[in-house]
Amino acid sequence: MGSKKKAEEDVICDEHLNAPKKRKINEMIDSLLLEVENKNVAYLKYFVEQDQTGNFPLSEQWRLVFIPALSDTTISDQIFHILKKKYPDIDLMKKEEKTKNPDCIILPQHADTEQLIEVLELVGAACVFYGNLSDRRYGWSCWYKATNLREGNAIPKPTLPQSETQKLAMRKKLEFQTVQELEGLLRQRRTHWATQAIFTCLRISKKCDSFPNRFIVYNVFKFALQGWGDRNVPLPRAFAMSLQLFELFGRTKFFDVLVKNETDLEDVVQSTLTEFFNTLRDPQRIQTELATVLTFDRLMTSLVFSFVYQVKVHKKARTDEIKIKDYTIKSKADKLEEISQLILVILKLLVSIPKSKAEKQQLKSKLALYINIFELKRVSQKPNSLLLRACTSHQGTPNEFKLIKLLLKAGADPNAVDQQRCSPLHLLAKSEHLSSRMWDDPSYSTRAENFTAIVRVIFDGRFHQDQVNLSGQSALECLKPLSSYPDAELSRLVGNFSQGVRPLSCIAAKESTPL
């Protein structure tokens, strides 16, 4: 039973696939168009009954584009909102509440053919997104009629340029251009239909100056990214689609509205961030499946988006968790926690990949701006400091030392404390002490030099040596058990600092490999 239902969902009619292709396709199209024509006759009868003037001429039926009763009753309003900005003279007749009757977009008498085409295309996309099998057939017929009108009137369909990330997200597909290409869609699964609907919505929204909008971002998320793991979407495509959504959200007032009114679209921004985070949780899959797409620019796109989003959540998101039907809107605290975790993961990836000198400077500048705007001015002395997070999870790898050094150089507060009042140096000293059994191993010398370099940077900054944790220990006291540390320079640094001598003069000679 389940497989039969899935077949109905994914293809128009599976039995036709084994018959001679051209004849069966033509039969399928004829049957589909007849079904739609009968539905349009019924819709027209309903419209005539609802027409209060009673004198809508039958010769102008072309001005009517019906929208079936879809699963989301607000869809016709969203379509109307997109079109209204460019075509202010169109009208929308809403159906009676709780009925199966259609809504209807009414074009003005002076409407041109291209306007009719775009209304048909957008209604077709809505039916693909929100309709059952019959509604999707109706949506396909809208596309079929629009494409015939384009070909018959020599009206080309614009093709939107795509970035490399967009090409990856959309599987290098393009929007169909001809009736023949549209006929081929009949043999494709529903996901291919949804991809075409996304192209249509992007193109028309941009032309109507209604971009971005909630209709697009929610449907891109729902049909292209949501539950990608369960749907066996390839990891690189899910990664790229997340970046595509980050770009759609933008950094405009539209982004602010999405953050503030998270209940409207099932918190689509946070949901996108969660799905993106899921693409980065498995280190093994990152190395094997994401190796070719994990570039500096793409990681920076995700990092900057996360920075901006965290500031907006801190400022605009609701405080409490909200349960709505079958999903939950996370509390502000939970959102901020997840964003911070993601930022740390992205930073670890960024320090691990090769970078040019200009890229290193760009990373440091963006990080410094974030630390200044968010950490130091908004949540200073709170346990979600990136530096504290990096030091808490520290395992002593070279890339971890690079990240900690990068954070300090970008202006992270070396005196931030966690719930135990431990500073970054408290945490790092404890980690080194716990590793003392490995100090005699010659390979430990690199880690010891990296740790000493970090201590040097901390001492040369705004470090408060009198700050103590809940056990009453200062960071300097935590360093004293390291007197037999493999790098003798550490003891000299601690001794000099205790006597008020800053290590500024020896920084250039002793710093480890640059980031």
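Helix 190-207 and the longest principal axis of the Cα set of the chain meet at an angle near 90°.
What's the Cα-based Rg to Rh of the stretch 270-393, Rh via Kirkwood? Don't skip to the answer; put the middle values down first.
Working: Rg = 15.3 Å, Rh = 15.6 Å.
Taking Rh as the inverse mean 1/r over Cα pairs, Rg/Rh reads 0.98.
Its alpha carbons considered, the stretch 323-432 gives a radius of gyration followed by a Dmax of 15.1, 50 Å.
Here the Karplus relation 6.51 cos²θ - 1.76 cosθ + 1.60, evaluated at θ = phi - 60°, turns the backbone of the stretch 355-366 into coupling constants of 9, 6, 4, 5, 5, 4, 5, 4, 4, 4, 5, 5 Hz, with x for every Gly and Pro.
Across all directions of projection, what mean area in square nanometres is found for the Cα convex hull of the stretch 402-443? Present the calculation step by step, with values, prior to reporting the outcome.
Details: hull surface 15.1 nm².
Over every viewing direction, the Cα hull of the stretch 402-443 projects on average to 3.8 nm².
Helix 113-130 and the longest principal axis of the C-alpha atoms of the chain enclose an angle of approximately 60°. Exposed loop sites here are GluC sites (Glu not before Pro) in DSSP loop states with at most 14 other C-beta atoms within 10 Å. What is the longest stretch of the chain lacking them? It works out to 98-320. Summarising the amide proton neighbourhood of Ala410: residues at separation of 5 or more, or on other chains, whose placed amide H is nearer than 5 Å comprise an empty set.
In terms of Cα atoms, the Rg and Dmax of the chain work out to 29.8, 98 Å.
Loop-located trypsin sites (Lys or Arg not before Pro) in the stretch 96-156 (DSSP state other than H, G, I, E, B) with a sparse environment of at most 14 neighbouring Cβ atoms within 10 Å: Lys98, Lys100. With the Cα gyration tensor of the stretch 86-213 in hand, give its eigenvalues times 5 under a square root as the equivalent ellipsoid semi-axes, listed largest first in whole angstrom. Equivalent ellipsoid of the stretch 86-213: 23, 19, 15 Å, largest first. Near the amide H of Ile67, within less than 5 Å, lie the amide hydrogens of Asp103, Cys104, Ile105, all on another chain or at least 5 residues away, with H placed in the peptide plane.
Axis of helix 489-498 versus longest Cα principal axis of the chain: the two differ by about 80°, to the nearest ten degrees. In this structure the amide hydrogen of Leu92, modeled in the peptide plane, comes within under 5 Å of the amide hydrogens of Ile106, none closer than 5 places in sequence on its chain. For the stretch 315-433, a simple Cβ point-charge model (Lys and Arg +1, Asp and Glu -1, everything else neutral) yields a dipole of about 460 debye relative to the Cα centre. Can you tell which of Phe374, Ala317, Leu245 lies farthest toward the positive end of the dipole of the chain, using +1 and -1 charges on the Cβ of basic and acidic side chains (Lys, Arg; Asp, Glu)? Result: Phe374, furthest along the dipole toward the positive end.
What shape does the stretch 55-154 have by the C-alpha gyration tensor, where a ≥ b ≥ c are the square roots of the eigenvalues, rounded means a/c under 1.5, and otherwise prolate means a/b greater than b/c and oblate the rest?
Since a/c reaches 1.5 but b/c is at least a/b, the shape of the stretch 55-154 is classed as oblate.
For the stretch 86-128, the calculated P(r), taken from all Cα-Cα distances in 5 Å bins from zero up to the bin holding the longest distance, is 5, 19, 26, 24, 16, 8, 2 percent.
Normalised radius of gyration for the stretch 119-164, please: alpha carbon Rg relative to 2.2 N^0.38 Å, two decimal places.
Details: Rg = 12.4 Å, N = 46, 2.2 N^0.38 = 9.4 Å.
The reported ratio for this selection is 1.32.
Scaled against the 2.2 N^0.38 Å expected of a compact globular protein of N residues, the Cα radius of gyration of the stretch 220-282 reads 1.10. Note on the stretch 115-253: Lys pairs 8 or more places apart or on different chains, Cα atoms under 29 Å apart, count 28.
If you roll a 1.4 angstrom probe over the protein chains with everything in place, what fraction of the accessible area of the chain belongs to carbon and sulfur, to the nearest %? C and S fraction of accessible area: 51 percent. Karplus-derived 3J(HN,Hα) values for the stretch 209-220, using 6.51 cos²θ - 1.76 cosθ + 1.60 with θ = phi - 60°, are 6, 10, 10, x, 8, 5, 4, 6, 4, 5, 6, 4 Hz; glycine and proline are entered as x. The phi torsions of the stretch 392-407, fed into the Karplus equation with coefficients 6.51, -1.76 and 1.60 and a -60° offset, translate into couplings of 5, 8, 4, 10, x, 7, x, 5, 5, 4, 4, 5, 4, 5, 4, 4 Hz, rounded to whole numbers, with Gly and Pro shown as x. Computed over protein heavy atoms with a 1.4 Å probe, the accessible surface of the chain works out to 48 Å² per residue.
Working note: 222 nm ellipticity from helices only, DSSP H runs with n ≥ 4, each -39,500 (n - 2.57), summed and divided by the residues of the chain, gives -18000 deg cm²/dmol to the nearest 500.
The values are calculated or read from the model by the stated rules, or taken from the named source; none is laboratory data. Predicted model, so just to flag it, every value in this text is computed and none were measured. For neighbour counting, all protein chains shown are included, and Cβ atoms are generated from backbone atoms with ideal geometry for every residue, glycine included. SASA here: full protein model, heavy atoms, side chains in, ligands and nucleic acids out. Shrake-Rupley method; radii C 1.70, N 1.55, O 1.52, S 1.80 Å.
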